[in-house]
1. Kindly indicate the residue of segment A:143-153 that is in contact (Cβ under 8 Å) with a residue 24 or more places away in the chain and not small (Gly, Ala, Ser) and also farthest from the other protein chains (Cβ to nearest Cβ) among those meeting that condition.
2. Looking only at segment B:166-194, count every residue that is among the hydroxyl-bearing types (Ser, Thr, Tyr) and free of Cβ contacts under 8 Å to residues at least 40 places away in the same chain and tell me the total.
3. Could you identify the single residue in B:204, B:229, B:215 that is more than 26 Å from residue B:137 (Cβ to Cβ) and touching a residue at least 12 places away in the same chain (Cβ under 8 Å)?
4. Filter segment A:272-290 down to the residues that are touching a Ser or Thr at 6+ places or on another chain (Cβ under 8 Å) and in a helix (DSSP H, G or I), then identify the one that is farthest from residue B:148 (Cα to Cα).
5. Of everything in segment B:229-243, what is within 8 Å of chain A (Cβ to nearest Cβ) and either under 21 Å from residue B:47 (Cα atoms) or in a helix (DSSP H, G or I) (or both)? Give them in sequence order.
6. Please find, within segment A:186-227, the residue that is nearest to the other protein chains (Cβ to nearest Cβ) out of those that are under 27 Å from residue A:261 (Cβ atoms) and aromatic (Phe, Trp, Tyr).
7. If you scan segment A:130-157, which residues turn out to be small (Gly, Ala, Ser) and either within 13 Å of residue B:269 (Cα to Cα) or out of contact with any Lys or Arg (no Cβ under 6 Å at 6 or more places or on another chain) (or both)?
8. Could you check, for segment B:265-278, whether at least one of its residues is of a type in the set (Val, Ile, Thr) and more than 30 Å from residue B:27 (Cα to Cα)?
Amino acid sequence: MTQLILRRLATSVLILLAVSLLVFIATLLLPGDPAQAILGQQATPERLAALREQMHLNDPVWQRYLSWLGGLAVGNFGMSAASGGAVTALLGERIGASLVLLLAAAVISIPLGLLLGSYSALRKGRAGDHITTGASLVLAALPEFVIGISLITVFSTTIFPILPSVTMAPPGEAVWNYPSQLVLPTFTLVLMVTPYIARMMRATMLEVLDSGYVEMARLKGVPEGQVILRHALPHALSPVAQVIAIQLAWMAGGVVVVEFLFRYPGIGQALVDAVANRDVQVVQTLSILIAAVYIVVNLLADVVGILTNPKLRTGGAR
Amino acid sequence: MSVIDAPRLVEPEAKVRKGTFHRFIRQRQAKIGIALTAAVVLLALLGPLLLPWATGYTSTEFAGRPFKPEGLLGTDNLGRDVLTRFLDGGLRLLLFAGLATLLGMVIGGLCGMVAAYRGGWVDSAIMRTNDILLALPQLVFALLAITVLGPQPWVLVAVIGITHAPRIARVTRAATLAVVTEDFIRASEMYAVPKWKIVVQDVLPNITGPLMVELGLRMTYSIGALASLSFLGLGMQPPTADWGLMINENRIALAVQPWGVILPVLAIAVLTVGTNLITDSLARASASLNVGESK
């Protein structure tokens with residue numbers, strides 16, 4: 001089993017390296033000179049040459065790739081072409097802000113999804129089930145911004161104008177000091193992710209409830225609540241863990257639209273700005289960061305899967 | 001004998017096909033889905049034809065005054081008639097989403113079938129490439145491409161299609177694997193039918209169920225992705241009339257002139273819910289369990 005996990009870990013590292021190569025090559029294709037882009041109007045031949053030297057633009061491509069990769073590893077992400085400052089300084093606070101948003105959404109949506117899914121499975125074919133599955137089918141179809149704008153329309157402009165529609169924490173102050181501004185962005189993410197978790201939970205729960213050991217437990221007179229909590233729920237959870245991981249990983253990308261919509265000062269907003277300004281270093285860094293989150297979450301899910309699946313404990317199986 | 005036998009061999013299959021479609025159309029949610037989708041598609045298709053009737057009013061005044069005779073739904077921040085732009089803004093979204101989906105289906109479908117049918121190093125090579133492409137969320141991949149190539153329409157179509165491909169390839173591969181061990185494939189191989197012909201003639205018709213489901217799912221996501229990119233200001237560029245872009249342009253004035261936001265939001269919502277209902281009904285109707293739900 002350890003071998004299996006180690007092999008999975010090695011694959012993840014390889015994939016991350018391949019992604020970094022992909023991202024690096026993509027930026028090589030970009031027309032124009034990065035040094036020229038940073039200096040802009042103040043470019044003189046001497047300064048250009050100096051900056052090119054400083055940015056190692058004269059080195060061979062593979063050497064640039066390796067030094068860029070080395071920089072990523074120690075947290076040196078290069079210079080932002082748009083602001084002229086270090087990318088690390090630009091992103092530092094934003095990463096924290098995005099993490100707050102993601103964590104809040106995860107903490108609410110995971111139990112909610114599990115609860116709704118189980119409820120729906122237990123009431124299969126009845127009104128409660130139809131409402132839950134119908135709602136999740138509709139919500140799963142909608143793009144993030146449609147949900148976000150609907151929430152804004154309802155809760156901050158027309159019907160109940162009670163919540164702020166944009167985040168306006170003064171610069172330098174942490175976003176979590178203004179909890180009311182966090183509500184709508186978090187809620188949007190929750191509405192995006194919960195349907196998938198609920199649908200998967202419903203499917204596995206139905207399967208488990210149909211199994212022999214649940215029937216056995218019922219037959220021997222175990223109270224229904226205990227049947228569900230002790231016998232059914234634990235077995236239904238492990239396949240759902242995969243879906244939860246996929247959804248968490250997906251949120252790392254989906255947060256881009258949500259942050260842009262609510263002007264939330266996180267990495268998503270930074271990414272959109274960077275793309276609009278063609279700020280290559282920032283786009284590079286953020287793509288790698290988001291891909292890393294994606295890969296790590298998927299790795300964790302697989303490890304949990306390996307650990308909880310008795311069939312894989314022998315090591316050789318698969 | 002053979003003359004009599006032949007139709008018998010064909011008959012059960014035809015019945016199954018009809019059965020699948022029957023199971024699909026019998027569901028209430030399938031009918032609702034088709035109705036919703038058709039309504040928005042018709043609106044997008046016929047909208048541009050209604051333009052002469054809707055246009056005529058441009059004002060330099062900021063925001064609009066809904067339900068005034070000079071413009072049915074008022075004007076936007078640049079004084080453009082909201083209804084005109086709404087009617088004109090759906091066709092491109094639909095067209096590009098369709099093209100992107102088609103591109104993804106062709107690339108992903110081919111890769112998936114080839115991977116499963118050839119096996120060995122071809123399979124490994126295709127699936128490892130898939131793993132790499134899947135590590136970048138769709139939107140991030142699209143943003144990376146747009147940074148490099150700029151927000152041209154062909155870039156949008158290509159990048160959304162390409163990001164769909166690995167996800168479609170996975171589903172296609174799984175479906176194909178179940179088919180390639182069948183006897184009729186081996187029979188064709190023994191007759192030395194060319195490999196590409198086996199893939200097209202024998203494999204493809206047997207995996208239409210999961211492919212149809214995948215088509216619907218990817219269409220839903222294509223619409224969402226394209227509209228999202230335009231909404232971020234990185235898709236369709238002004239002054240193009242486009243639903244996603246309209247939402248971006250008009251959301252500042254949501255409280256004063258809601259129509260510029262609400263109409264396109266509603267249209268996109270109805271469209272994606274419609275396609276998703278169709279997809280879900282298709283998945284229920286086809287016996288296959290390979291319903292991809294990955295993003």
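The values are calculated or read from the model by the stated rules, or taken from the named source; none is laboratory data. Since this is a predicted model, take the numbers as computed values, not measurements. Neighbour counts run over all protein chains shown; Cβ positions are idealised from the backbone, glycine included.
1. My answer is A:151.
2. Count: 3.
3. When all the criteria are applied, what remains is B:204.
4. A:288
5. Correct list: B:231 only.
6. Checking each candidate, the answer is A:196.
7. A:134, A:135, A:140, A:141, A:148, A:150, A:156
8. Scanning segment B:265-278 turns up no residue that is of a type in the set (Val, Ile, Thr) and more than 30 Å from residue B:27 (Cα to Cα).
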